[in-house]
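Take a look at the structure set out below.
The values are calculated or read from the model by the stated rules, or taken from the named source; none is laboratory data. For clarity, every value in this text was computed on a predicted model and none was experimentally measured. Ideal geometry is used to build each Cβ from the backbone, glycine not excepted, and the neighbour counts take in all protein chains shown. Surface accessibility is based on the protein's heavy atoms, side chains included, excluding ligands, DNA and RNA. Shrake-Rupley method; radii C 1.70, N 1.55, O 1.52, S 1.80 Å.
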Amino acid sequence: MSRPLKCRTLAIVAGLTLAGMSFAPIGYTAGRNAAFRLSATVPPSCLIRFGNMEFGTYEPKGGDLRSWADVMVDCSDGARFLLGLNAGIGRGASILERRMTNGAHTLAYNLYLDAMLTVPWGDSMSGRWVIWDDFGMGAPVHLLMYGLIPGGQNVSPGSYSDTITATIEF
């Protein structure tokens, strides 16, 4: 009866070795039970998702145009994160004034951390990150990103766009 038990134990050890896991021999004892040790490492991780920001139709002779988009950050339990946005790819863009482009034409806009549109959302160079200490259950965090195209810009008709890169450090 002890022979089949040895075969099953060897099959388990071989399976663990093939899966890339290591094990330390505990010692063999004649009997019906055997013990072995398992271990795993879980590094901190974060995922970010941004909704597209659609401003709609901009009227150059009209007032400001505002918009918002949802930002979801999902980090492992207890991870603190810093979330920054670059200036975008528009010609002449900065954290304080981003630019959408349409060929050689640009349309100024910006992204903000607050609904009052007073704190531009920047990156590590500007010091305008979202800083979040999530020491709870690791549940997703939903944030809002606010956008503004200032009124009164003399721009050519057409479709304007930009691409922003988000950076998360955790």
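When you check Trp129 against the structure, is it modelled with pLDDT of 90 or more and touching a Leu at 6+ places or on another chain (Cβ under 7 Å), yes or no? Spelling it out, it is not the case that Trp129 is modelled with pLDDT of 90 or more and touching a Leu at 6+ places or on another chain (Cβ under 7 Å). It is to be established whether one or more residues within segment 137-150 are assigned to a loop (DSSP other than H, G, I, E, B) and at pLDDT 95 or above. Yes.
Among Leu83, Leu5, Leu10, which is among the aliphatic types (A, V, I, L, M) and either closer than 30 Å to Arg98 by Cβ or modelled with pLDDT of 85 or more (or both)? Walk me through it before giving the result.
Working: Leu5 fails: either closer than 30 Å to Arg98 by Cβ or modelled with pLDDT of 85 or more (or both); Leu10 fails: either closer than 30 Å to Arg98 by Cβ or modelled with pLDDT of 85 or more (or both).
Answer to the check: Leu83.
Taking segment 90-121 as the range and being open to solvent by less than 20 Å² (accessible area, probe 1.4 Å) and among the basic types (Lys, Arg) as the test, only Arg98 passes.
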